[in-house]
Amino acid sequence: MKKILFVTSEVHPLIKTGGLADVAGSLPIALSELDQDIRIIVPKYYGIKLTEEPLYRSTIRINNRDVNIFETQLPNSHVIVWLVDCPEFFSIPGNPYTDEFGNAWSNSAEKFALFCRAAVEVAQNRAYLDWKADIVHCNDWQSGLVPALLTLEPLRPSTVFTIHNMAYQGIFPQETFHALGLPGQLWQPSALEYHNRLSFIKGGISCADHITTVSPNYALEIQTADFGYGLEGLLQHRRHDLNGIINGIDLEQWNPAIDKRIAQTYTVETLAKKTLNKTAIQQKLSLPEESSIPMIALISRLVEQKGIDLVIQCLENLVQYPLQFVLLGAGNKSYEHQLKNLSLLHPEKISVTIGYDEDFAHLIEAGADMFLMPSRFEPCGLNQMYSQRYGTLPIVRRTGGLADTVVDAMPDSIAQQTASGFVFDEASVSAMLEAIKRALFVYDNKKTWQKIQKIAMQKDFSWQQSAEQYLALYRTL
Ligand code: ADP
Ligand code: GLC
């Protein structure tokens with residue numbers, strides 16, 4: 001049995017901004033079901049949702065600050081979560097990365113450096129928790145200093161660094177390195193220095209014993225200039241210690257047969273009931289109540305990565321077709337504004353909900369017919385998997401994990417019972433429109449549509465296999 005410390009800046013259902021939280025809330029459970037002793041460590045944010053008072057465990061001194069460690073459990077599991085409490089940094093309204101008005105925190109480096117140091121103290125059994133890690137599994141730049149700091153320890157656990165997104169690197173000026181009081185040995189290109197600046201993600205990529213990313217395809221893509229964001233050379237250099245392990249999904253939470261957040265549960269056998277969820281969406285959004293009209297959905301952070309600009313450009317064209325388009329998301333203010341305007345112009349066809357709403361996200365997955373993900377890059381992507389499980393066929397760009405998890409509906413893939421969605425190549429409005437038109441055409445052929453829905457719903461997206469791959473990796477270290 002391995003003792004694994006899972007270091008993350010978000011974990012569902014305690015705190016979530018995106019897919020990292022979903023992974024951190026489900027992979028550790030899958031590893032604990034493989035009899036591993038896994039503990040999660042996360043900052044104790046202002047907005048953290050705890051169902052019961054956490055247990056105070058200890059206080060450690062970090063950079064002249066008192067940092068408390070509290071303990072709770074991941075709901076519906078026995079996985080222990082350690083909460084790093086430093087009110088000065090974390091007890092402030094907002095999300096892990098931005099203030100309540102959506103502006104990035106100006107002291108992110110200080111916050112996450114303190115969090116990383118706390119994780120090191122816990123891993124090394126210096127936090128009075130009577131537990132020493134064999135493996136420290138870090139995720140994204142917010143935990144990138146951990147593998148770097150651990151290289152300075154004579155007796156240390158092995159380290160794994162998982163890249164969920166290369167576009168966010170945690171880069172700060174050189175002065176920040178000094179202000180954080182980081183050990184001078186780490187100021188070198190083989191550790192934290194990146195063109196004379198401090199790079200948190202480099203700490204993970206240069207110093208971890210092994211690097212993973214969240215799909216096999218993305219593991220190859222990030223070794224190229226288009227996806228490596230300046231670190232492709234380093235990633236090529238480390239290619240023998242780098243591989244992709246596809247994310248799974250939480251099959252309990254995302255299960256149309258038992259989902260309490262949807263209007264009507266359904267299964268492959270009772271697929272006809274799915275449309276009651278469409279009706280519920282139409283009622284909620286005041287869209288015309290038509291059960292047979294195709295409904296295309298999109299739920300996303302509204303950022304460049306997700307190809308939202310393509311969607312905005314294509315909507316005027318799309319409204320010529322008989323369909324309804326339903327979007328739930330938040331992010332870039334200009335995107336929010338343009339989308340809202342389009343919905344005001346075509347209220348009977350386009351509905352835009354700005355905000356973050358988990359309950360509604362489930363209802364949309366259940367009620368829509370198609371789910372659009374025209375991402376420019378997508379390390380893994382979870383919504384295309386949720387969608388398939390709900391029989392809501394994804395229309396995706398062939399990139400990253402989308403390419404690994406959606407099989408394009410073509411005559412031969414339909415015949416071979418593998419087709420599960422619609423895939424297009426180019427990041428262009430015309431390519432996306434072509435794929436949408438293809439989906440609308442197949443939608444009109446109810447028999448074929450249902451056949452693909454059933455294939456999609458029965459695909460195995462469980463964590464089982466991926467958790468086994470992580471465990472096999474830990475054992476090699
Ligand atoms: P990313 O992590 O890049 O945002 P993923 O597809 O991996 O993309 O995961 C996104 C997760 O966040 C999904 O669980 C999705 O349902 C959720 N999500 C994104 N935006 C919203 C929103 N506005 N309301 C509810 N859930 C959202
Ligand atoms: C990132 C990626 C997304 C991935 C998620 C979980 O946020 O953008 O593609 O699914 O992490 O690994």
Considering the stretch 75-106 alone, what residues qualify as being in a strand (DSSP E or B), open to solvent by less than 40 Å² (accessible area, probe 1.4 Å) and of a type in the set (A, V, I, L, M)? 80, 81, 83, 84
Which numbered condition in (1) on the phi < 0 side of the Ramachandran plot; (2) open to solvent by less than 30 Å² (accessible area, probe 1.4 Å) is the only one that residue 140 fails? (1)
Can you name the residue in the stretch 395-409 that is farther than 13 Å from residue 218 by Cβ and free of Cβ contacts under 8 Å to residues at least 60 places away in the same chain and, of all such residues, is nearest to ligand 2 (Cβ to nearest atom)? 396
Which one of 109, 123, 119 is modelled with pLDDT of 95 or more, more than 14 Å from residue 82 (Cβ to Cβ) and either open to solvent by less than 10 Å² (accessible area, probe 1.4 Å) or in the same structural domain as residue 38 (by TED's automatic domain parsing) (or both)? 109
Taking only the stretch 1-20 into account, find how many residues are open to solvent by 10 Å² or more (accessible area, probe 1.4 Å), assigned to a strand (DSSP E or B) and in contact with an Asp or Glu (Cβ under 9 Å, 6 or more places away or on another chain). 1
Restricting attention to the stretch 31-74, which residues are in contact (Cβ under 8 Å) with a residue 60 or more places away in the chain, assigned to a loop (DSSP other than H, G, I, E, B) and open to solvent by 20 Å² or more (accessible area, probe 1.4 Å)? 34, 63
Against the condition under 19 Å from the mean Cα position of the chain (by Cα), within 16 Å of ligand 1 (Cβ to nearest atom) and either under 27 Å from residue 383 (Cβ atoms) or surrounded by fewer than 19 Cβ atoms within 10 Å (Cβ to Cβ) (or both), how does residue 248 come out, does it pass? yes
In the stretch 199-241, which residues are open to solvent by 20 Å² or more (accessible area, probe 1.4 Å) and either of a type in the set (Lys, Arg) or within 16 Å of ligand 2 (Cβ to nearest atom) (or both)? 216, 217, 220, 221, 226, 227, 229, 238, 239
Test each condition in (1) surrounded by 18 or more Cβ atoms within 10 Å (Cβ to Cβ); (2) more than 28 Å from residue 168 (Cα to Cα) for residue 255 and report the one that comes out false. (1)
Got a sec? Which helices (runs of 4 or more DSSP H) wholly within the stretch 398-462 have at least 1 residues that are under 22 Å from residue 294 (Cα atoms) and open to solvent by 10 Å² or more (accessible area, probe 1.4 Å)? 411-415, 429-444, 446-457
Could you give every pair whose Cβ atoms fall below 6 Å, whose first residue belongs to the stretch 455-477 and is touching a residue at least 40 places away in the same chain (Cβ under 8 Å) and under 18 Å from residue 34 (Cβ atoms), and whose second residue is of a type in the set (Ser, Thr, Tyr) and in a helix (DSSP H, G or I), counting only separations of at least 6 or pairs across chains? 463/26
Within the stretch 147-189, count every residue that is out of contact with any Ser or Thr (no Cβ under 7 Å at 6 or more places or on another chain) and among the β-branched types (Val, Ile, Thr). 3
When you go through (1) within 22 Å of the chain's Cα centre (by Cα); (2) touching a residue at least 40 places away in the same chain (Cβ under 8 Å) one by one for residue 103, which number turns out not to apply? (2)
Between a first residue in the stretch 164-182 that is within 30 Å of residue 378 (Cα to Cα) and in the same structural domain as residue 223 (by TED's automatic domain parsing) and a second residue that is among the hydroxyl-bearing types (Ser, Thr, Tyr) and within 16 Å of ligand 1 (Cβ to nearest atom), which pairs have beta carbons less than 7 Å apart while being 6 or more apart in sequence or on different chains? 166/229; 167/229; 169/229
Scan the stretch 15-35 and give yes if some residue there is away from ligand 2 (no atom under 16 Å from the Cβ) and under 20 Å from residue 110 (Cβ atoms), otherwise no. no
Can you find, within the stretch 21-30, the residue that is nearest to residue 386 (Cα to Cα) among those that are in contact with a strand residue (DSSP E or B) (Cβ under 8 Å, 6 or more places away or on another chain) and surrounded by 24 or more Cβ atoms within 10 Å (Cβ to Cβ)? 23
Of the residues 263, 280, 297, 257, which single one is of a type in the set (A, V, I, L, M, F, W, C) and free of Cβ contacts under 8 Å to residues at least 24 places away in the same chain? 257
From the residues in the stretch 161-182 that are over 30 Å from residue 475 (Cα atoms) and not aliphatic (A, V, I, L, M), which one is surrounded by the most Cβ atoms within 10 Å (Cβ to Cβ)? 177
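The values are calculated or read from the model by the stated rules, or taken from the named source; none is laboratory data. A quick note: this is a predicted structure, and the numbers were derived from the prediction, not measured. Neighbour counts run over all protein chains shown; Cβ positions are idealised from the backbone, glycine included. Just the protein is used for accessible areas: all its heavy atoms, side chains included, with ligands, DNA and RNA removed. Shrake-Rupley method; radii C 1.70, N 1.55, O 1.52, S 1.80 Å.
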